[in-house]
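One structure coming up, written as structure tokens, with questions to follow.
The values are calculated or read from the model by the stated rules, or taken from the named source; none is laboratory data. Everything quoted here is computed from the prediction, not taken from an experiment. Protein only, heavy atoms only, side chains kept; ligands, DNA and RNA dropped before computing areas. Shrake-Rupley method; radii C 1.70, N 1.55, O 1.52, S 1.80 Å.
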Amino acid sequence: MVNKINRKCQGCAKIFNRENLIKITLCDGKLYINPSSKILGRSAYVCSDINCIKNLIKKKRLYGALKFKNFDEISSAEAKLLKSVSTV
């Protein structure tokens, strides 16, 4: 039996294998877009669909998922996330 770890996308609320999601981690007051999962801390996951990421930003789901209220830090991470996905 293979043990797969599933997580919910914060943009569309669908369940995916963790390896197929982008991990956003809060560590020491900084947000990291963390696809390698080497940084530990409170995390949220989003799939790489551009519409999902836009939904995540529009509905401000990172604030609740990460329990973090630093607007500048979250908007900076959201901009990096959009840029990284739009260039793929």
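Would you kindly calculate the translational diffusion coefficient of the chain, applying Stokes-Einstein with the Kirkwood radius from alpha carbon pairs, for 10 °C and a viscosity of 1.306 mPa s, and quote it in µm² s⁻¹ without decimals? Mind showing how you got there, number by number?
On the way: Rh = 13.1 Å.
Estimated via Stokes-Einstein, D reaches 122 µm²/s.
So, one more: In straight Cα distance, which lysines are under 20 Å from residue 59, not counting same-chain residues fewer than 8 positions off?
Hits, sequence-local ones excluded: 8, 14, 23, 67, 69, 80, 83.
Let me ask something else. How many Å² of accessible area per residue for the chain, probe 1.4 Å? Walk me through the numbers before you get to the answer.
Details: 5880 Å² over 88 residues.
With all protein chains present, the chain gives 67 Å² per residue.
While we're looking at this one, here's another question. Normalising by the residue count of the chain, find the relative contact order in percent from Cα pairs under 8 Å and 6+ residues apart. Display every interim value, and only then the final one.
On the way: 121 pairs, mean separation 22.8, N = 88.
Normalised by residue count, the contact order of the chain is 26 percent.
Of all accessible surface on region 1-58 at a 1.4 Å probe, what whole percent is carbon and sulfur?
Working: 1910 of 3880 Å².
For region 1-58, the apolar C and S fraction of the accessible surface comes to 49 percent.
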